[in-house]
Structure formats: structure tokens, C-alpha cells
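Notes to accompany the following structure.
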Amino acid sequence: STFETKYWNMRDHVDHVSLQQAAELLQQEEVVAFPTETVYGLGADATSEKAVKKIFEAKGRPADNPLIVHMAKKEQIHEVVQHIPDIAHKLIDRFLPGPLTLILKSNGRCAQNVTAGLSTVAVRIPDHPVAISILDECGLPLAAPSANLSGKPSPTRAEHVYDDLNGRIAGIIDGGPTGVGVESTVLDCSGEKPVILRPGGVTKQDLEELIGEVDVDPALSNQGSKPKSPGMKYKHYAPDAPMWLIEGDLKFFQSQIEQLKQSGKRVGVIVSNEHASELEGAVIHTCGSKEDLREVAVQLYHALRSFDQEDVDVILCESFPEDGVGQAVMNRLKKAATQKISQT
Ligand code: TXA
Ligand code: MG
């Protein structure tokens with residue numbers, strides 16, 4: 001079905017009349033996009049199978065990929081899980097609200113299609129005033145994946161949501177650009193030892209300082225093994241043009257541009273500010289200083305998306321160090337890339 005998608009501007013302040021309109025639509029089992037500190041989410045009543053189904057339809061999301069349940073308050077977590085282990089309590093106290101999603105054993109209170117039939121449920125408390133306001137106002141736990149069409153980069157601005165979903169959802173709340181830029185870290189706390197299923201805004205080091213050693217899903221470094229987070233198996237975050245991930249120095253990067261140009265290709269590049277001033281012969285989009293990976297994370301998806309408006313045949317993208325939030329950045333870039341070109 002098609003919608004006259006409503007749009008509410010809450011960039012500067014949370015307007016109460018708009019908030020009530022958006023909350024009413026959610027209570028009527030409609031789907032509304034809202035900002036979080038990581039990326040925009042596509043929210044629907046997590047207790048309604050009918051509402052949640054509309055999320056999958058709007059995004060074109062495979063039904064076997066479960067959703068994260070968003071809540072306003074820590075006390076609401078126990079309403080959807082069997083119990084909260086000690087380690088999870090510690091994590092909740094330290095990192096929530098914030099970019100950390102916990103996988104816990106479900107008590108079955110959420111709609112079946114939220115968890116895609118798994119015995120666990122993903123919970124998260126976003127650290128964003130607009131997200132908390134809409135959660136409070138509608139009084140519901142909201143199932144919310146990133147508010148992009150399946151396969152596209154996640155939206156870090158309301159315009160990105162509009163480009164993908166206008167006419168497909170009931171409304172969009174614009175809260176301005178998001179602050180973290182990559183999605184939350186997904187941490188499985190349902191077993192003996194916590195396991196990172198998706199690197200994100202809270203880093204491995206952050207977690208280990210608090211709770212000691214955490215494992216990382218082997219599928220994150222080994223293409224062959226099956227990921228524990230269903231969503232991680234899909235190709236994702238991809239711009240329209242093929243993207244090559246370049247591993248090498250500036251000279252190597254420039255030589256790749258030259259080769260492509262010689263074969264008649266229009267080349268786009270996504271690079272750090274430092275690289276941008278040194279490269280030529282390509283359409284250049286920067287994503288911050290390579291000395292500040294947090295800034296790279298903030299700008300990454302916008303840079304990936306900006307090439308969809310440019311007429312390029314190939315996008316070459318710089319590789320970044322995999323420390324701190326660089327782990328999340330490189331995880332996303334490897335999924336977006338069609339191939340990796342390494343200097344040997
Ligand atoms: O920052 C974020 O997490 C954003 C904002 C909107 O909150 N949300 C987000 O949702 O990135 P989504 O649906 O794009 O990604 C959720 C990830 C998927 O990889 C999914 O497979 C995984 O979490 N997931 C959800 N429930 C799970 C479960 N019970 N067990 C394992 N993985 C789960
Ligand atoms: Mg997503």
C-alpha cells in the first residue's frame with residue numbers, strides 16, 4: 001500500500017503536538033521512522049504482529065532477520081526477557097542508554113515476527129532525546145531496524161529515510177544528523193560468555209574494561225562460518241555503484257584511479273581528509289580525518305549514499321585501522337565492498 005508519509009521537524013526541539021500525532025500512528029499499528037544516537041530506526045509496536053509485519057514490508061527485509069526492541073527505561077527490559085544475568089546488569093548500568101544492544105532470553109511477550117522465531121530477544125535503550133520522547137509518548141516497546149531499504153546503507157539523516165521510504169511508511173521524525181553514525185554493538189548475553197555479534201558504537205575495549213574478556217562471533221572474521229546474528233549474513237550497506245576497498249598507500253590508491261580512467265571508467269573515491277587533498281582524477285567524497293575514527297563513523301553512510309546521486313562507474317574506498325570504532329567501520333565497509341584490492 002502507499003502512504004501520504006507525514007514529516008515532522010524536531011531538529012531543534014521536540015514539538016508536543018507532532019509527538020502526539022506520531023505516537024497515535026504507532027498506537028494504531030503504523031510504522032514511523034525516528035532518530036536514535038546511532039542511525040534512524042523504523043519503529044512499530046513490538047507487541048503487535050500486524051504492526052511489525054509492516055516494517056518487514058516497507059524495508060523489503062527477509063523475515064528470518066530479527067529486530068531490536070527499543071525502550072525508554074531500564075526497568076522495561078524485564079518485561080520482555082526471562083531474566084537479566086549479572087553481567088547484563090553491569091552492562092545496563094554502565095552503557096545504557098547508549099549504542100549497545102543486549103541479546104537475552106525472550107519471555108515470549110514480543111510478537112513472534114520480532115524475534116524471527118528465535119528464543120532470544122534483542123533489547124536497547126537509545127541515547128537520543130527524540131527517541132526517548134516518542135517511546136515515552138506512545139508507551140510501547142518499539143521494534144526498530146535501521147530505517148533504510150534492505151541492502152542500502154543505514155540512514156544517518158532524515159533525508160536518507162525519505163529517499164528510501166517516502167510513500168512506504170506512515171511518518172518520519174526528523175531529529176537532524178545522528179551522532180554515532182554506525183549501528184549499536186550487538187552483544188549476546190544469553191549464553192555462558194558474552195559474544196559480540198556485530199561491532200558498533202560501544203567498542204570491544206569498552207566492554208572488556210567492565211566485564212573482562214568477551215568473545216567475537218568467528219563469522220565476523222571468517223567469511224565461511226555462519227553468523228549468530230541472522231542479519232550479518234546479508235550483503236549490506238552497499239551504494240548503487242560497485243565499491244572496491246583499497247588496502248595500500250597513497251601512490252597505490254592513485255595508480256588504481258589511473259588504471260580505471262584509462263579503461264574509460266568514471267571513478268569515485270571515499271577517503272579521509274588527509275588522502276583527499278593528495279588524490280586526483282576522481283569524484284572525491286571525504287569522511288573525516290583518519291586520526292579520528294569516531295568522525296569517520298559519523299560520516300561514513302552519508303559518504304556511501306552520496307555516490308547514488310553521482311554518475312560514477314566504480315567507487316574506491318580507503319581502508320581504516322580496525323581499532324576502537326574502526327572495527328565497526330571496517331565491518332560495514334567489507335560488507336559494502338564488491339572486492340578488496342591489496343598492494344602486495
Ligand atoms: O543502532 C542500532 O542498533 C539501530 C538503531 C535503529 O537502533 N538498529 C539496527 O537494527 O541496526 P537492524 O535491524 O538494522 O540490525 C539488528 C541486528 C541484525 O543484525 C539482527 O540480525 C540482530 O541485530 N539481531 C536482532 N535480534 C537478534 C537475536 N535475537 N539474536 C541475534 N541477533 C539478533
Ligand atoms: Mg540494518
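For residues that are surrounded by 24 or more Cβ atoms within 10 Å (Cβ to Cβ) and within 16 Å of ligand 2 (Cβ to nearest atom), scanning just segment 112-130, find the one that is farthest from the chain's Cα centre (by Cα).
Within segment 112-130, the match that is farthest from the chain's Cα centre (by Cα) is Val114.
Tell me the residue from Val216, Val195 that is hydrophobic (A, V, I, L, M, F, W, C), touching an Asp or Glu at 6+ places or on another chain (Cβ under 8 Å) and either at negative phi or within 16 Å of ligand 2 (Cβ to nearest atom) (or both), please.
Of the residues listed, the single one that is hydrophobic (A, V, I, L, M, F, W, C), touching an Asp or Glu at 6+ places or on another chain (Cβ under 8 Å) and either at negative phi or within 16 Å of ligand 2 (Cβ to nearest atom) (or both) is Val195.
Does segment 75-97 hold any residues that are surrounded by 21 or more Cβ atoms within 10 Å (Cβ to Cβ), in a loop (DSSP other than H, G, I, E, B) and within 20 Å of the chain's Cα centre (by Cα), and which are they?
Correct list: Leu96 only.
Just one of the numbered conditions (1) within 21 Å of Leu100 (Cβ to Cβ); (2) touching a helix residue (DSSP H, G or I) at 6+ places or on another chain (Cβ under 6 Å); (3) among the aliphatic types (A, V, I, L, M) is not true of Ile169; which one?
(1)
For residues that are open to solvent by less than 40 Å² (accessible area, probe 1.4 Å), assigned to a loop (DSSP other than H, G, I, E, B) and within 13 Å of Lys335 (Cβ to Cβ), tally how many sit in segment 201-227.
The qualifying residues number 1.
Here is a list of conditions, (1) within 12 Å of ligand 2 (Cβ to nearest atom); (2) of a type in the set (Asp, Glu); (3) closer than 30 Å to His78 by Cα, and Asp164 meets all of them except one; can you say which number that is?
(3)
Condition check: open to solvent by 10 Å² or more (accessible area, probe 1.4 Å), within 14 Å of ligand 1 (Cβ to nearest atom) and over 18 Å from Phe95 (Cα atoms). Does Asp164 satisfy that?
So Asp164 fits the description; yes.
Search segment 90-108 for residues that are more than 16 Å from Ala72 (Cβ to Cβ) and touching a residue at least 40 places away in the same chain (Cβ under 8 Å) and pair each with any residue that is among the polar types (S, T, N, Q) and open to solvent by 20 Å² or more (accessible area, probe 1.4 Å) when their beta-carbon atoms are under 7 Å apart and the residues are at least 6 apart or on different chains.
Listed pairs, sorted by first residue: Ile103/Thr120; Ile103/Ser190; Leu104/Thr120; Leu104/Ser190; Lys105/Gln82; Lys105/Ser119; Lys105/Thr120; Lys105/Ser190.
Restricting to segment 23-53, what's the tally of residues that are more than 24 Å from His302 (Cβ to Cβ) and open to solvent by less than 50 Å² (accessible area, probe 1.4 Å)?
The number of residues fulfilling the criteria is 10.
When Leu187 is evaluated against the numbered criteria (1) of a type outside the set (Ser, Thr, Tyr); (2) more than 26 Å from Asp217 (Cα to Cα); (3) not in a loop (DSSP other than H, G, I, E, B), which criterion, by number, is the only one it fails?
Result: Leu187 fails condition (2) only.
Check off (1) open to solvent by 40 Å² or more (accessible area, probe 1.4 Å); (2) in contact with a Phe, Trp or Tyr (Cβ under 9 Å, 6 or more places away or on another chain); (3) modelled with pLDDT of 95 or more for Thr338 and give me the number that stays unchecked.
(3)
Can you say whether Pro230 is open to solvent by less than 10 Å² (accessible area, probe 1.4 Å), within 12 Å of ligand 2 (Cβ to nearest atom) and farther than 14 Å from Asn331 by Cβ, as far as the supplied structure shows?
Against the criterion (open to solvent by less than 10 Å² (accessible area, probe 1.4 Å), within 12 Å of ligand 2 (Cβ to nearest atom) and farther than 14 Å from Asn331 by Cβ), Pro230 does not qualify.
Can you tell me which of (1) within 16 Å of ligand 1 (Cβ to nearest atom); (2) surrounded by fewer than 19 Cβ atoms within 10 Å (Cβ to Cβ); (3) charged (D, E, K, R) is the one Glu4 doesn't meet?
Every condition holds for Glu4 apart from (1).
May I ask you to list pairs of residues, at least six apart or on different chains, whose Cβ atoms are under 9 Å apart, with the first in segment 1-15 being modelled with pLDDT of 95 or more and the second being open to solvent by 100 Å² or more (accessible area, probe 1.4 Å)?
Pairs found: Thr5/Tyr162; Thr5/Arg168; Tyr7/Tyr162.
Check segment 147-157 and report whether any residue there is away from ligand 1 (no atom under 13 Å from the Cβ), open to solvent by 10 Å² or more (accessible area, probe 1.4 Å) and either more than 24 Å from His89 (Cα to Cα) or touching a Leu at 6+ places or on another chain (Cβ under 6 Å) (or both).
Looking for residues that are away from ligand 1 (no atom under 13 Å from the Cβ), open to solvent by 10 Å² or more (accessible area, probe 1.4 Å) and either more than 24 Å from His89 (Cα to Cα) or touching a Leu at 6+ places or on another chain (Cβ under 6 Å) (or both), one finds at least one in segment 147-157, hence yes.
Say we look at segment 24-48 and pick out the residues that are outside any strand (DSSP E or B) and acidic (Asp, Glu); which of these is farthest from the chain's Cα centre (by Cα)?
Of everything passing the filter in segment 24-48, Glu24 is farthest from the chain's Cα centre (by Cα).
The values are calculated or read from the model by the stated rules, or taken from the named source; none is laboratory data. Worth saying up front: this structure is predicted, and the values here are computed from it rather than measured. Using ideal geometry, Cβ is built from the backbone for each residue, glycine included, and neighbour counts are taken over all protein chains shown. Accessible surface areas use protein heavy atoms only, side chains included; no ligands, DNA or RNA. Shrake-Rupley method; radii C 1.70, N 1.55, O 1.52, S 1.80 Å.
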